[in-house]
Amino acid sequence: MERPARPRGSLADAAYAALKASILESLLPPGEEATEQAIADQLGMSRTPVHEAVLRLQHEGFLRVLPRRGVRVLPIDPLDLRETYDVLIALEGAAAALLAGRGAAGGAALEAMAAATAAMDRALAAGDRKGWAAADDRFHRVLLEGGGNAKLARLAQTAADQAQRARSATASRRPDPLASSAEHAAILAALRAAEAEAARAAVAAHRRRASEEILRVLGAMPG
């Protein structure tokens with residue numbers, strides 16, 4: 001018996017997830033061009049869900065639709081990224097303050113954040129910068145979700161995606177990111193002590209230090 005076809009919406013979501021992952025992990029680098037048909041062929045689906053995914057990614061600032069030519073992956077704009085970090089610092093700080101007040105209800109998030117930090121250390125020791133970047137991203141995604149405010153987490157998603165892309169693009173060019181684990185530990189200590197404002201301040205200090213380093217590396221990279 002034939003399996004029922006997946007709804008178009010789920011196909012569009014799958015195309016969106018696959019394309020976004022390729023951009024965030026730099027598998028589709030800045031400046032890369034492709035036709036929607038080529039993307040659809042690679043994903044094994046029709047052009048319609050791919051077109052819907054492309055429009056979503058254009059709205060989020062990752063792609064530009066080129067009339068009669070397909071799409072182009074946009075470069076990371078340093079000014080836009082700096083503003084993105086300002087937004088992310090505010091939202092992550094709010095999530096940290098909320099998480100600090102959740103008590104036992106936030107325990108699973110704290111454990112997941114500690115595990116992500118340990119994974120960062122293992123990846124760094126192994127010289128696996130891509131693995132390090134992925135674990136660092138997990139720490140921050142769990143923090144946003146752990147605050148317990150689903151709307152806040154949704155609002156932060158695009159900013160977190162843009163930060164992940166910048167982190168992945170610069171990971172191999174940055175000095176060993178030894179400070180990140182200690183800064184994560186400071187965030188976790190404040191959260192475990194239920195000190196909301198200390199947690200907010202620790203998140204802001206960490207993001208500002210890391211973002212300045214990423215922005216310096218981006219400025220030195222060839223355009």
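The values are calculated or read from the model by the stated rules, or taken from the named source; none is laboratory data. Quick caveat: nothing in here was measured; it's all calculated off a predicted structure. Cβ atoms come from the backbone with ideal geometry, glycine included; neighbour counts cover every protein chain shown. Accessible surface is based on the protein model in full, side chains and every heavy atom, while ligands, DNA and RNA are left aside. Shrake-Rupley method; radii C 1.70, N 1.55, O 1.52, S 1.80 Å.
Only one entry of ALA133, ALA194 meets the criterion of being of a type in the set (A, V, I, L, M) and farther than 26 Å from SER22 by Cα, and that entry is ALA194. Applying the criterion of at least 2 residues that are within 28 Å of HIS59 (Cα to Cα), without any contact (Cβ under 8 Å) to a residue 24 or more places away in the chain and out of contact with any Leu (no Cβ under 6 Å at 6 or more places or on another chain) to the helices (runs of 4 or more DSSP H) found wholly in the range 125-222 leaves 129-146, 150-170, 196-220.
Scanning the range 114-125 for residues being more than 16 Å from ARG174 (Cα to Cα), among the aliphatic types (A, V, I, L, M) and more than 15 Å from the chain's Cα centre (by Cα) gives a total of 4. Counting the residues of the range 44-64 that are touching a residue at least 12 places away in the same chain (Cβ under 8 Å), within 19 Å of ASP161 (Cβ to Cβ) and open to solvent by 30 Å² or more (accessible area, probe 1.4 Å) gives 5.
Can you tell me how many residues in the range 44-83 are under 22 Å from the mean Cα position of the chain (by Cα) and assigned to a loop (DSSP other than H, G, I, E, B)? Final tally of qualifying residues: 7.
What number of residues within the range 136-153 are at pLDDT 95 or above and either within 22 Å of ALA166 (Cβ to Cβ) or open to solvent by less than 40 Å² (accessible area, probe 1.4 Å) (or both)? Residues meeting the conditions: 12.
Checked against the criterion of being over 18 Å from ALA201 (Cβ atoms), of a type in the set (A, V, I, L, M) and either assigned to a helix (DSSP H, G or I) or touching a His at 6+ places or on another chain (Cβ under 6 Å) (or both), the candidates ALA97, ALA105, ALA90 yield just one match: ALA105.
Restricting ALA185, ALA204 to those that are surrounded by fewer than 18 Cβ atoms within 10 Å (Cβ to Cβ), out of contact with any Gly (no Cβ under 6 Å at 6 or more places or on another chain) and more than 30 Å from GLY31 (Cα to Cα) reduces the list to ALA185.
Checking the range 49-62 against the condition returns no match, with no residue being in contact with a strand residue (DSSP E or B) (Cβ under 9 Å, 6 or more places away or on another chain), over 21 Å from SER168 (Cβ atoms) and at pLDDT below 90. The sole residue among ALA163, ALA133, ALA169 that is open to solvent by less than 60 Å² (accessible area, probe 1.4 Å), at negative phi, touching a Lys or Arg at 6+ places or on another chain (Cβ under 7 Å) and modelled with pLDDT under 95 is ALA133.
Considering only the range 14-29, state which residues are surrounded by 15 or more Cβ atoms within 10 Å (Cβ to Cβ) and under 15 Å from ASP161 (Cβ atoms). TYR16, ALA18, LEU19, LYS20, SER22, ILE23, LEU24, GLU25, SER26, LEU28, listed by residue number. Determine the pairs where a residue that is modelled with pLDDT under 90, located within the range 12-39, has a partner that is of a type in the set (A, V, I, L, M) and open to solvent by less than 40 Å² (accessible area, probe 1.4 Å) with Cβ atoms under 6 Å apart, the partner being 6 or more residues away or on another chain. The qualifying pairs are SER26/ALA169; LEU28/VAL73; PRO30/VAL73. The condition (being buried (at least 16 other Cβ atoms within 10 Å of the Cβ) and either of a type outside the set (Lys, Arg) or touching a Ser or Thr at 6+ places or on another chain (Cβ under 9 Å) (or both)) is satisfied by just one residue among ALA94, ALA125, ALA194, ALA115: ALA94. State whether the residues of the range 65-88 include one that is closer than 23 Å to SER211 by Cβ, hydrophobic (A, V, I, L, M, F, W, C), open to solvent by 40 Å² or more (accessible area, probe 1.4 Å) and at pLDDT 95 or above. Within the range 65-88 (the criterion being closer than 23 Å to SER211 by Cβ, hydrophobic (A, V, I, L, M, F, W, C), open to solvent by 40 Å² or more (accessible area, probe 1.4 Å) and at pLDDT 95 or above), the answer is yes, since at least one residue qualifies.
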